[in-house]
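S.K.: Just passing along the structure, written as structure tokens.
The values are calculated or read from the model by the stated rules, or taken from the named source; none is laboratory data. Everything numeric here is computed off the predicted structure, so don't read it as measured data. Using ideal geometry, Cβ is built from the backbone for each residue, glycine included, and neighbour counts are taken over all protein chains shown. These accessible areas exclude ligands, DNA and RNA; they are computed on the full protein's heavy atoms, side chains included. Shrake-Rupley method; radii C 1.70, N 1.55, O 1.52, S 1.80 Å.
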Amino acid sequence: MWAFPALAVLAGAAITFQASMNARLGVLLKNPVLATAIAFLFACFFTLLFMLINQRQLPVYADIRSIPTYLWFGGILSAFGVGSYYYLIPKMGVGSMMSFALSGQLILAIIAGHFGWFEQPITPKVIIGIFAMVLGINLINGGTRNVY
């Protein structure tokens, strides 16, 4: 019961740690876009290595062909998101950046769920949760005056 939430927390911690490392790489290289490219290059290498080690069965051509074209372009959103992290962390600090990023993720997840992407409607309880989260982000960051 607790394994999935624990793994999710570890995944979030890993994202924060890698974003901080790669933001620093971007600062040292004086180029957050290059840091993003390097991060994706290493991510691709290790993902392919993991896939080869754990390969069970590759999809058949008919399965690949049936995938809607737009689904192949999710990497654009990944590059934008990751590149934005690397650009903003040195300017905002890792805590502020990650708290705002998490807010964006949660708000979009709630909206997507409400409109049927994940079959979860927005309820008064969810709205209270959103406001509590935004208040918490404001408290974490000490108000917006320290963010910029």
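S.K.: Any idea which of A39, A62, A19 is within 19 Å of the chain's Cα centre (by Cα), more than 29 Å from I130 (Cβ to Cβ) and of a type outside the set (F, W, Y)?
M.R.: Answer to the selection: A39.
S.K.: Could I ask something else about it? Looking only at residues in segment 112-133 that are part of a helix (DSSP H, G or I) and open to solvent by less than 70 Å² (accessible area, probe 1.4 Å), which one is modelled with the lowest pLDDT?
M.R.: The selected residue is G113.
S.K.: Can L88 be described as closer than 23 Å to A43 by Cβ and exposed (fewer than 13 other Cβ atoms within 10 Å of the Cβ)?
M.R.: no
S.K.: Return the residue satisfying two criteria in turn: it lies in segment 32-75 and is in contact with a helix residue (DSSP H, G or I) (Cβ under 6 Å, 6 or more places away or on another chain) and among the small types (G, A, S), and of such residues it is least open to solvent (accessible area, probe 1.4 Å).
M.R.: A35
S.K.: OK, next. Please go through segment 1-52 and give me each residue that is under 22 Å from M92 (Cα atoms) and outside any helix (DSSP H, G or I), ordered by number.
M.R.: Correct list: K30, N31.
S.K.: Residues of segment 92-111 being open to solvent by less than 40 Å² (accessible area, probe 1.4 Å) and touching a residue at least 24 places away in the same chain (Cβ under 8 Å), which ones?
M.R.: Those that are open to solvent by less than 40 Å² (accessible area, probe 1.4 Å) and touching a residue at least 24 places away in the same chain (Cβ under 8 Å): S96, M97, M98, S99, S103.
S.K.: How many residues are in a helix (DSSP H, G or I), hydroxyl-bearing (S, T, Y) and over 17 Å from the mean Cα position of the chain (by Cα) when one looks only at segment 65-111?
M.R.: Residues in segment 65-111 being in a helix (DSSP H, G or I), hydroxyl-bearing (S, T, Y) and over 17 Å from the mean Cα position of the chain (by Cα): 2 in total.
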